[in-house]
Amino acid sequence: MASSKDAVVLTVDGHEVRVSNPEKPYFAERGIRKIDVVEYFVAVGEGILFALRDRPTTLERWPSGVFEGARLSTRMDNTGDAFYQKRVPKNAPEWVPTAHITFPSGRTADEIAPDSVAVVAWCANLGTLTFHPWPVSKGDVEQPDQIRIDLDPQPGTDFSDAVWVAPHVRELLHELGMEGWPKTSGGRGVHVYVPIQPRWTFPEVRRAVIAFGRELERRIPDRVTMSWWKEERGEKIFIDYNQMARDRTIASAYSIRPKPHAPVSAPLDWDELPDVSPFDFDVLTMPERFKAVGDKHAGLAGHAFGIEPLLELAERQAKDDGLGDLPYPPDYPKMPGEPMRVQPSRARRPTSADE
């Protein structure tokens, strides 16, 4: 490692990665500096590279670190302290690979598709804390190779509620001849990854996840909801099926979440899940865990399930219960077969003139 007053140069995977302003506070409450963030990603490099390798990846950049009042820019307000970067930066070294992807709008972009820990470290120098990989490989960006089941706690519920639902997810997967690998979201949620054969389109895989969520909701309706509209969800775990829509992503394993205690998304064994707290895994504790137990998601590489049972379930739900598609996110173009995209409380009610 070479250093100067204003920068540190790390050699990672045979590439030199310059870390500017290495002493800049990134999580001041924990004493975590920018250089600590970069070195964290190097320490868990094998794990995060497995999560990102060759996948088009959106960068969630916090170039000034995480501090009280810091905000993430949105589509409606770009004045935040942090932002999502979907296109490869113009100053990227030639050894940073990309993947060409198409957004729902039809516009295209070249996104970073990491192939080495050096690329991850280079992104971390840009202030990237959270990596958002697509569920596709750059070799085929139209057909997902993962199902990602997002157990999203709604107001009145928390991590323990998501953990309660998780074994039911696993049980249903087993009935369908599939297996999943869980992780903490880094916040209150739980994510379950299921490797699949890259033979189906985004709409087909999304339909499969909707069918899965509906069956889970049927079995434990007091704990799970599939309602897109927040006003209808109640105090339940929402199965966020739209995470499988094109250009919707989940924070990768080992990503850092922008909260004061610097939590990270932690891959787990199923039998660990009931006994952990999301506070157990952060920038300071994860490297030691990774050194001791390795990557708990490595088993994803040995499997690729078919989703035919889920598509058959979707057909039965449509035939027997009249269940069709569900709403897409608001920024999407109107999709074929999609129901009315308006929350129920704002839907126009019939008047006497309509009768």
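The values are calculated or read from the model by the stated rules, or taken from the named source; none is laboratory data. It should be emphasised that the depicted structure is a prediction, and the values quoted were computed from it without experimental measurement. Counting neighbours? That spans all protein chains shown, and the Cβs are built from the backbone with ideal geometry, glycine included. With ligands, DNA and RNA removed, areas are computed over all heavy atoms of the protein, side chains included. Shrake-Rupley method; radii C 1.70, N 1.55, O 1.52, S 1.80 Å.
Quick notes
- Cross-link partners of K34 among lysines (Cα-Cα below 17 Å; sequence separation of 8 or more within a chain): K5, K24, K259
- Looking at the chain, the DSSP beta bridges with both ends there are about 90 percent antiparallel.
- Working note: 222 nm ellipticity from helices only, DSSP H runs with n ≥ 4, each -39,500 (n - 2.57), summed and divided by the residues of the chain, gives -7500 deg cm²/dmol to the nearest 500.
- For region 1-159, the solvent-accessible area of protein heavy atoms averages 45 Å² per residue (probe radius 1.4 Å; ligands and nucleic acids excluded).
- Largest to smallest accessible area among L59, L176 [probe 1.4 Å]: L176, L59
- In the chain, taking the dipole from charged Cβ atoms about the Cα centre, the farthest positive-side position among L268, S255, V224 is held by S255.
- Relative to the Cα centre, the charge distribution of region 1-134, modelled as +1 at Lys and Arg Cβ and -1 at Asp and Glu Cβ, gives a dipole magnitude of about 360 debye.
- The peptide list 150-156, 288-294, put in order of mean Cβ contacts within 10 Å with the highest first, becomes 150-156, 288-294.
- Averaging the Cα positions of each part gives two centres, and for region 264-284 and region 148-170 these lie 14 Å apart.
- Applying a DSSP loop filter and a limit of 15 other Cβ atoms within 10 Å to the trypsin sites (Lys or Arg not before Pro) in region 179-256 leaves R199.
- Per-residue SASA entry for D115, accessible area with 1.4 Å probe, Å² rounded to 10: 70 Å²
- Dipole check for region 220-353: with +1 at the C-beta of Lys and Arg, -1 at the C-beta of Asp and Glu, and the Cα centre as origin, the magnitude is about 740 Debye.
- GluC sites (Glu not before Pro) within region 202-261, DSSP loop, no more than 14 other Cβ atoms inside 10 Å: E235
- Highest mobility in the GNM of the chain, judged by mean-square fluctuation with C-alpha springs under 10 Å and restricted to E175, E60, E46, is found for E175.
- Across K183/K334; K86/K138; K230/K334; K183/K319, pairs whose alpha-carbon gap is larger than 23 Å: K183/K334; K183/K319
- Choice from I210, I220, I101 showing the highest fluctuation, given a GNM over the chain with Cα pairs closer than 10 Å: I220
- Rolled with a 1.4 Å probe across the full set of protein chains, the surface gives W181 an accessible area near 30 Å².
- Whole-percent carbon and sulfur share, accessible surface of the chain, 1.4 Å: 49 percent
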